[in-house]
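The values are calculated or read from the model by the stated rules, or taken from the named source; none is laboratory data. None of the values given here were measured: they were computed from a predicted structure. So basically every Cβ, Gly included, is an ideal-geometry build from the backbone, and we count neighbours across all protein chains shown.
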Amino acid sequence: MASVSEGFLDLTAAWQGRGVVVHHDAATGTWIFIAIHDDTLGRAVGGVRMRVYPTPEEGLRDALRLAEGMTLKWAAAGLPFGGGKAVLAIPRPLTAKQRKGLMLRFGGLLNTLQGAYATGPDLGTTPEDMKQIASVSEHVSGVAREPGWPEDPGPFTAAGVVAGIKAALRHRMGSDGFSGVRVLIQGVGGVGEPLARRLSAAGADVLLADVDEAKAFSLAVELGGSAVNPEAVYVTPCEVYAPCAVGATLNAETIPRLGCGIVAGSANNQLATPEDAERLADRWILYAPDFVVNAGGAMAFGLLHAGLADPEELEERVATRIGESLGAVFAEAAVEGVSPLVAARRLADRALGR
Ligand code: PHE
């Protein structure tokens, strides 16, 4: 985890990206970071995350890491965008009015960048926030630009994760049926909830955990699944663990305790360090690299904005691509004797011409 002593300067100096915009929003006390990691394939596109961080430095660190993840995500998905991400490091939860004001000013900041970065929703921001930003700026990718376009990337991300879990089941067990398969979903928000609904409809046993325990419980009751105490996530026996909330949940402390055979979920930056991919492999846990399996929402909106797909075909396109990519990643990893993370990075590197 982060050492608190690392300040803006150290973090920025250690980062291999294009640049980062730092802005302090005095009205709300929010630090705004816009990290542009790479523009080899196109202009930087990625979501905006809003959170209370322990320190502003943690917010900057998150933006830098998330932007790099977007570079890999677009490259692995074969879409013509670069890696970028924004963070709104709020000092405390905002009122509706403060939030709207912040979104509008963030939109103004995007305008000064003249398209070098376009935003979308991420953890802590909603389709409604995107509408606010889009009311003042055209640099919003995660928004319905035309009638008939979807408003929320979450269900597409969920569709991609379902396809990813199926690819992992095929690789591990030779078949991708969900009967008798327990999937533990950590976080039942914008992606976790639609994911739970899809998996339950497909016949999986869903185990749901959320920091909002009442939310996990009521969804579990509705779907005939069970709720899991957030503290118990890492020791609960299951076939598939799907992290769908914060990052870095796979680390030296949690991996030895995991009770799953497959990790496939939508959270960004699931591994605390790259070595955690080896730790998972040593425990014979199959890891679906986050930037491949969680690309569905970004892909869906990216395809629309680039004029490469119609709304009706999005879900199918996303699921097919993610299922095929992960199948290829798992196969390459097995043949070459490397972790799926290494194989997925090679896939992205090839697309980036590295
Ligand atoms: N938050 C999305 C992700 O991490 C990014 C995104 C969604 C970008 C929708 C554009 C449109 O993948």
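Restricting to the stretch 325-338, name every residue that is without any contact (Cβ under 8 Å) to a residue 40 or more places away in the chain and under 17 Å from VAL161 (Cβ atoms).
Correct list: empty.
Among LEU79, LEU184, which is assigned to a strand (DSSP E or B), in contact (Cβ under 8 Å) with a residue 60 or more places away in the chain, among the aliphatic types (A, V, I, L, M) and crowded, with 17+ Cβ neighbours inside 10 Å? Please lay out each step first, then the result.
Numbers: LEU79 fails: assigned to a strand (DSSP E or B).
Selected residue: LEU184, the only one of LEU79, LEU184 that is assigned to a strand (DSSP E or B), in contact (Cβ under 8 Å) with a residue 60 or more places away in the chain, among the aliphatic types (A, V, I, L, M) and crowded, with 17+ Cβ neighbours inside 10 Å.
From the list PRO256, PRO237, which residue is touching a residue at least 40 places away in the same chain (Cβ under 8 Å), more than 30 Å from VAL45 (Cα to Cα) and more than 21 Å from the chain's Cα centre (by Cα)? Spell out the reasoning first.
On the way: PRO256 fails: touching a residue at least 40 places away in the same chain (Cβ under 8 Å).
Of the residues listed, the single one that is touching a residue at least 40 places away in the same chain (Cβ under 8 Å), more than 30 Å from VAL45 (Cα to Cα) and more than 21 Å from the chain's Cα centre (by Cα) is PRO237.
Only one of PRO80, PRO91 is within 28 Å of VAL161 (Cβ to Cβ), more than 12 Å from the ligand (Cβ to nearest atom) and at pLDDT 95 or above; which?
Values: PRO91 fails: within 28 Å of VAL161 (Cβ to Cβ).
Answer to the check: PRO80.
Yes/no matrix, rows are residues, columns are (1) touching a His at 6+ places or on another chain (Cβ under 8 Å); (2) without any contact (Cβ under 8 Å) to a residue 24 or more places away in the chain; (3) closer than 22 Å to MET173 by Cα; (4) surrounded by fewer than 18 Cβ atoms within 10 Å (Cβ to Cβ):
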site	(1), (2), (3), (4)
LEU303	no, no, no, no
LEU314	no, no, no, no
PRO340	no, no, yes, no
LEU347	no, no, no, no
GLY353	no, no, no, yes
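Counting only residues that are surrounded by fewer than 22 Cβ atoms within 10 Å (Cβ to Cβ) and either touching a helix residue (DSSP H, G or I) at 6+ places or on another chain (Cβ under 7 Å) or assigned to a helix (DSSP H, G or I) (or both), how many does the stretch 32-50 have?
Residues of the stretch 32-50 that are surrounded by fewer than 22 Cβ atoms within 10 Å (Cβ to Cβ), as a first pass: 39-43.
Next cut, either touching a helix residue (DSSP H, G or I) at 6+ places or on another chain (Cβ under 7 Å) or assigned to a helix (DSSP H, G or I) (or both) only: 41.
Going through the stretch 32-50 one residue at a time, the tally reaches 1.
From (1) out of contact with any His (no Cβ under 7 Å at 6 or more places or on another chain); (2) closer than 29 Å to GLY78 by Cα, pick out the condition that doesn't hold for GLY29.
For GLY29, the exception is condition (2).
Look at the stretch 192-207 and say how many of its residues are assigned to a loop (DSSP other than H, G, I, E, B) and either among the β-branched types (Val, Ile, Thr) or free of Cβ contacts under 8 Å to residues at least 40 places away in the same chain (or both).
Of the stretch 192-207, the ones assigned to a loop (DSSP other than H, G, I, E, B) are 202-204.
Checking the rest, the ones that are also either among the β-branched types (Val, Ile, Thr) or free of Cβ contacts under 8 Å to residues at least 40 places away in the same chain (or both) come to 203-204.
Adding up the residues that qualify gives 2.
Look at GLY69 and say whether it is small (Gly, Ala, Ser) and within 12 Å of the ligand (Cβ to nearest atom).
Details: small (Gly, Ala, Ser): yes; within 12 Å of the ligand (Cβ to nearest atom): yes.
Yes: the conditions hold for GLY69.
Could you list, in sequence order, all residues of the stretch 105-153 that are more than 11 Å from the ligand (Cβ to nearest atom), in a loop (DSSP other than H, G, I, E, B), over 22 Å from ARG317 (Cα atoms) and out of contact with any Phe, Trp or Tyr (no Cβ under 9 Å at 6 or more places or on another chain)?
Of everything in the stretch 105-153, those that are more than 11 Å from the ligand (Cβ to nearest atom), in a loop (DSSP other than H, G, I, E, B), over 22 Å from ARG317 (Cα atoms) and out of contact with any Phe, Trp or Tyr (no Cβ under 9 Å at 6 or more places or on another chain) turn out to be LEU113, GLN114, GLY115, ALA116, THR126, GLU138.
Which condition breaks for GLY337 when tested against (1) touching a helix residue (DSSP H, G or I) at 6+ places or on another chain (Cβ under 9 Å); (2) more than 16 Å from the ligand (Cβ to nearest atom); (3) not β-branched (Val, Ile, Thr)?
Looking at each condition in turn, GLY337 falls short on (1).
Looking at the stretch 208-293, what helices (runs of 4 or more DSSP H) fall wholly within it and have at least 3 residues that are closer than 20 Å to VAL181 by Cα and more than 16 Å from the ligand (Cβ to nearest atom)? Reasoning before the result, please.
Values: elements: 213-223, 275-282, 290-293.
Helices (runs of 4 or more DSSP H) meeting the threshold: 213-223.
Return yes when SER325 is closer than 16 Å to PRO153 by Cβ, within 16 Å of the ligand (Cβ to nearest atom) and not aromatic (Phe, Trp, Tyr) and no when it is not. Show your work before the answer.
Working: closer than 16 Å to PRO153 by Cβ: no; within 16 Å of the ligand (Cβ to nearest atom): yes; not aromatic (Phe, Trp, Tyr): yes.
For SER325, the condition - closer than 16 Å to PRO153 by Cβ, within 16 Å of the ligand (Cβ to nearest atom) and not aromatic (Phe, Trp, Tyr) - is not met.
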